[in-house]
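Let me begin by presenting the structure, written as structure tokens, before commenting on it.
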Number of protein chains: 2
Amino acid sequence: MVPHLTTALTGPINELEQRILESMPAIERWFRLEWMEHTPPFYTSVDLRNAGFKLAPVDTNLFPGGFNNLTADMLPLSVQAAMAAIEKICPEAKNLLLIPENHTRNTFYLSNVATLKRIFTQAGLNVRLGTLDPDVTEPTALNLADGSSLTVEPLVRNRGRLGLKDFDPCTILLNNDLSAGVPRVLEHLHEQYLLPPLHAGWALRRKSQHFKAYEEVAKKFSKLLGMDPWLIHPMSVPVEGVDFSEGQGLEALQAQVDLVLSKTRKKYKEYGINEKPFAVIKPDAGTYGMGVMTVRDAKELVDLNRRSRNKMSVIKDGQEVHQVLVQEGVVTHERVNDAVAEPVVYMMDRYVVGGFYRIHADRGADENLNAPGSSFVPLAFAQSSQLPRPGEKPGASAPNRFYMYGVIARLAMLAASYELELTDPEAEVYA
Amino acid sequence: MVPHLTTALTGPINELEQRILESMPAIERWFRLEWMEHTPPFYTSVDLRNAGFKLAPVDTNLFPGGFNNLTADMLPLSVQAAMAAIEKICPEAKNLLLIPENHTRNTFYLSNVATLKRIFTQAGLNVRLGTLDPDVTEPTALNLADGSSLTVEPLVRNRGRLGLKDFDPCTILLNNDLSAGVPRVLEHLHEQYLLPPLHAGWALRRKSQHFKAYEEVAKKFSKLLGMDPWLIHPMSVPVEGVDFSEGQGLEALQAQVDLVLSKTRKKYKEYGINEKPFAVIKPDAGTYGMGVMTVRDAKELVDLNRRSRNKMSVIKDGQEVHQVLVQEGVVTHERVNDAVAEPVVYMMDRYVVGGFYRIHADRGADENLNAPGSSFVPLAFAQSSQLPRPGEKPGASAPNRFYMYGVIARLAMLAASYELELTDPEAEVYA
């Protein structure tokens, strides 16, 4: 089941693994206490990078696709977590309206939607699919690779409620990250539960806010374990007023890249790490791995060619990029069958329900792997044989490594919870 | 993974399976609403009997042993359910004191204790074992079959609190069914959570109360599905003042056996079932399958020999039997490799976390299988491949059958919740 993984077996990560394993009850209790104060996002996936000397989340997705990449063995964990989530949010729930991405006939994505539908049906809900796509005016069947099909239906808005024809849901689950903006049909739904909330979508969400919250979480957690937060935290600086296509704001960007690189260099020196620091520039809003670039020297930004500029300036759903995040690059030293790999951890409610390795044969250890050509190796993160085994030599046990991944991914999920509280436009109403 | 099962593939059970699968969201919602009003027992295992024409729980254990019989694949479900349970009961919990059965060096049972310890450690608790056995006066290592060992320690009572030397738990988990009575050391613990509560132990619990509560639950559920509750409910009548060794009270017992047999005969006629009815006599308090006998005719009770009388009169921990339950016998038509089999479903909090078949090669389809010589075939009840698949032909799909088993087992768990509410000596304090 577990693919052959080449991970760095020495260095600070092994000490971290050791400390995390020894502290398991304290860590689980710490999370329990945090979840008493903060509400976990409904579902979350987190991309991690394990450099051997450092392990950090680099992307926290609040509208996870890819549930189809989890092994079938893991699905009961998702069903159980979904039951727990529904019970807390809306125990009387009967109907769930699932809103997937628009305009997609990508069978991989549809398979994710089918998996989500299955999970929530088995958790005890009548699940139907509604689409934000205005071109869908009647129930439309979409074919999946396995020969089955999914029916998406046009949304019906009725004063304060959203539904489908003859379908009035009490809960609406978004699997659409709202990159194109918040559709009017989703606004002012006061009678129904909309999950995740609108401000979790990329129309309003900012990576810089997430990583600021993550820094706070990482510091708290590091204090609990008595360690340097840098070991689990990628330095991140937002830069505004950037226009790649017009070549504007690039000096300010260069300055921040320089800053991040020199801070990283200092840390590498402190830990005796013989690597060349790099930074990653990514749009402050947006996902799908679009508009991401790796920079090893701020000067590279001077000589950007037209193609690179275009690639950086427009991302998913045609959104222009004007604010970016400069993030300390975290090299991945993990390999699956010689291809560069990074772990992705899936969570529902507060629970780790599975994960997989995203691998990319044509990319380097310092590059974004969320790109065309990537593939997935499901990992039974949560299988019993993958449950942690205290006493194993650090770095030698895959289960122990996966437990650590689940801990760091949950820190990123907790940061998303902090972030959503801070950015909630209705926060004062409930305060 | 799934052993070859010979189950009855025709008759009312298939209609029931069909109805249960079609009603899955309604059933799950019904449970959700019930759990809003009632607290599930901390953990539960339920023995089921599938007669092909009828499926019913015959024993609901509130101190389940046998967690070691679940497959390793299922353990993450237990860990997740344990996390959910702890979070609700005592989120700030740090230490858990687990009290196993006394005087046991049975390595199968110890392996169950080790599994429980592992589950709660991974759910984030420091777990230590304390024993009620007065002979244990210092920490004592008990060896397991796999070469590992467990340490049990003497209990330390300190005014209102119970613990071990240098170990002050906020939660005490009993895996000891208190057949021998309620030990004084467990009484009046007002500052700590004692789970399950004392009145769940066999010192106070009565099967007749459980099956009375189960009748109520079965009727409610059957109304939801529009079906005859008899299909999931074994008729049960308590009889007091029975003394097998002195031969007293046997006429009253015969009368009740006659009644149960004639009622069963009537039902068999109604459903066109060509089987000989039988009744099972079991102690109203007590477990371990002791003091259980199958009766096909009330007259059999007249001619009981000395050996049978002795077997019926004294059960676990030397307790004498004076009150029994006469229960409609439910034949099992399931076989694993030609041996008679009955499913056992494990739950933690409100979740089905696994199950197995108890098989006994030397027993008949109408006999108690919980007896020396039984063995266990782990079943991945909760594996994804075991999640229900609507659309399959009734009776043809093991996953669908297992989903149905999980539903009926949860009905018995819900009945235990009703039962514990009714028998709670402190109920008025909290009302």
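Could we say that A:Ala365 is farther than 30 Å from B:Ala81 by Cβ, small (Gly, Ala, Ser), modelled with pLDDT of 75 or more and open to solvent by 10 Å² or more (accessible area, probe 1.4 Å) here?
Here the answer is yes, as A:Ala365 does meet what is asked.
Across the range A:246-265, what is the number of residues that are over 25 Å from A:Asn310 (Cα atoms) and open to solvent by less than 60 Å² (accessible area, probe 1.4 Å)?
Going through the range A:246-265 one residue at a time, the tally reaches 2.
Listed here are the residues, each with its yes/no results for (1) crowded, with 22+ Cβ neighbours inside 10 Å; (2) more than 30 Å from A:Glu270 (Cβ to Cβ).
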| residue | (1), (2) |
| --- | --- |
| A:Asp166 | no, yes |
| A:Leu174 | yes, yes |
| A:Met235 | no, no |
| A:Gly241 | no, yes |
| A:Phe244 | yes, yes |
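Identify, from the list B:Glu187, B:Glu153, B:Glu138, the residue that is open to solvent by less than 30 Å² (accessible area, probe 1.4 Å) and among the charged types (D, E, K, R).
Of the residues listed, the single one that is open to solvent by less than 30 Å² (accessible area, probe 1.4 Å) and among the charged types (D, E, K, R) is B:Glu153.
Answer yes or no as to whether A:His333 is assigned to a loop (DSSP other than H, G, I, E, B), modelled with pLDDT of 75 or more and in contact with an Asp or Glu (Cβ under 7 Å, 6 or more places away or on another chain). Step through it out loud before you land on a result.
On the way: assigned to a loop (DSSP other than H, G, I, E, B): yes; modelled with pLDDT of 75 or more: yes; in contact with an Asp or Glu (Cβ under 7 Å, 6 or more places away or on another chain): no.
Judged against the criteria, A:His333 is not a match.
Here are some conditions: (1) part of a strand (DSSP E or B); (2) in contact with a His (Cβ under 8 Å, 6 or more places away or on another chain). B:Ala218 meets all but one. Which one does it not meet?
(1)
When you look at B:Gly147, is it assigned to a loop (DSSP other than H, G, I, E, B), within 14 Å of chain A (Cβ to nearest Cβ) and farther than 21 Å from B:Leu162 by Cα, yes or no?
Answer is yes for this residue.
Among the residues of the range A:70-119 satisfying the criterion of being part of a strand (DSSP E or B) and within 20 Å of A:Asp177 (Cα to Cα), which is farthest from the other protein chains (Cβ to nearest Cβ)?
Within the range A:70-119, the first condition is being part of a strand (DSSP E or B), and the residues that meet it are A:95-99.
Next cut, within 20 Å of A:Asp177 (Cα to Cα) only: A:96-99.
On the way: A:Leu96: 9, A:Leu97: 14, A:Leu98: 14, A:Ile99: 19 Å.
So, considering only residues that are part of a strand (DSSP E or B) and within 20 Å of A:Asp177 (Cα to Cα), the one farthest from the other protein chains (Cβ to nearest Cβ) is A:Ile99.
Out of the range B:127-138, which residues are away from chain A (no Cβ under 14 Å) and of a type outside the set (Asp, Glu)?
Listed by number, the residues that qualify are B:Leu129, B:Gly130, B:Thr131, B:Leu132, B:Pro134, B:Val136, B:Thr137.
Return yes when A:Gly124 is in contact (Cβ under 8 Å) with a residue 40 or more places away in the chain and more than 14 Å from every other protein chain (Cβ to nearest Cβ) and no when it is not.
no
Being within 21 Å of the chain's Cα centre (by Cα) and of a type in the set (Phe, Trp, Tyr) is the filter here; which residues of the range B:230-262 pass it?
Result: B:Trp230, single match.
Could you please tell me which pairs satisfy a Cβ distance under 9 Å, a separation of 6+ or placement on different chains, a first residue in the range B:303-314 that is open to solvent by less than 50 Å² (accessible area, probe 1.4 Å), and a second residue that is in a helix (DSSP H, G or I) and not aromatic (Phe, Trp, Tyr)?
B:Leu304/B:Leu250; B:Leu304/B:Met312
Go through the range A:52-73 and give me each residue that's more than 16 Å from A:Thr121 (Cα to Cα) and open to solvent by less than 10 Å² (accessible area, probe 1.4 Å).
Within the range A:52-73, A:Gly52, A:Lys54, A:Leu55, A:Ala56, A:Pro57, A:Thr60, A:Leu62, A:Pro64 meet the criteria.
Considering only the range B:247-297, state which residues are at positive phi and touching a strand residue (DSSP E or B) at 6+ places or on another chain (Cβ under 7 Å).
B:Gly249, B:Gly291
Which condition breaks for A:His199 when tested against (1) in a helix (DSSP H, G or I); (2) in contact (Cβ under 8 Å) with a residue 60 or more places away in the chain; (3) surrounded by fewer than 16 Cβ atoms within 10 Å (Cβ to Cβ)?
(3)
Hey, does the range A:121-132 have a residue that's open to solvent by 20 Å² or more (accessible area, probe 1.4 Å), of a type in the set (S, T, N, Q), part of a helix (DSSP H, G or I) and at negative phi? I'd like the intermediate steps shown before the answer.
Taking the range A:121-132 and keeping what is open to solvent by 20 Å² or more (accessible area, probe 1.4 Å), we get A:121, A:126, A:128, A:132.
Retained after the next criterion (residues that are of a type in the set (S, T, N, Q)): A:121, A:126.
Now narrow it down to the ones that are part of a helix (DSSP H, G or I): A:121.
Adding the requirement that they be at negative phi leaves A:121.
So far as the range A:121-132 goes, yes, one or more of its residues are open to solvent by 20 Å² or more (accessible area, probe 1.4 Å), of a type in the set (S, T, N, Q), part of a helix (DSSP H, G or I) and at negative phi.
Specify which of the listed residues (B:Phe221, B:Phe244) is modelled with pLDDT under 95 and in contact with a helix residue (DSSP H, G or I) (Cβ under 9 Å, 6 or more places away or on another chain).
B:Phe244
Identify, please: which residue in the range B:21-34 is closer than 13 Å to B:Arg410 by Cα and touching a helix residue (DSSP H, G or I) at 6+ places or on another chain (Cβ under 7 Å) and is, among those, nearest to the other protein chains (Cβ to nearest Cβ)?
B:Arg32
Say whether the condition of being buried (at least 17 other Cβ atoms within 10 Å of the Cβ) and assigned to a helix (DSSP H, G or I) is met by at least one residue in the range B:272-289.
no
Count, please, the residues in the range B:35-47 that happen to be part of a loop (DSSP other than H, G, I, E, B) and either within 14 Å of chain A (Cβ to nearest Cβ) or surrounded by fewer than 19 Cβ atoms within 10 Å (Cβ to Cβ) (or both).
Of the residues in that region, 3 qualify.
The values are calculated or read from the model by the stated rules, or taken from the named source; none is laboratory data. Keep in mind the model is a prediction, meaning the values are calculated, not measured. Positions of Cβ are generated from backbone atoms using ideal geometry, with glycine treated the same way; all protein chains shown enter the neighbour counts. These area figures cover heavy atoms from the full protein model, side chains too; ligands, DNA and RNA do not enter into them. Shrake-Rupley method; radii C 1.70, N 1.55, O 1.52, S 1.80 Å.
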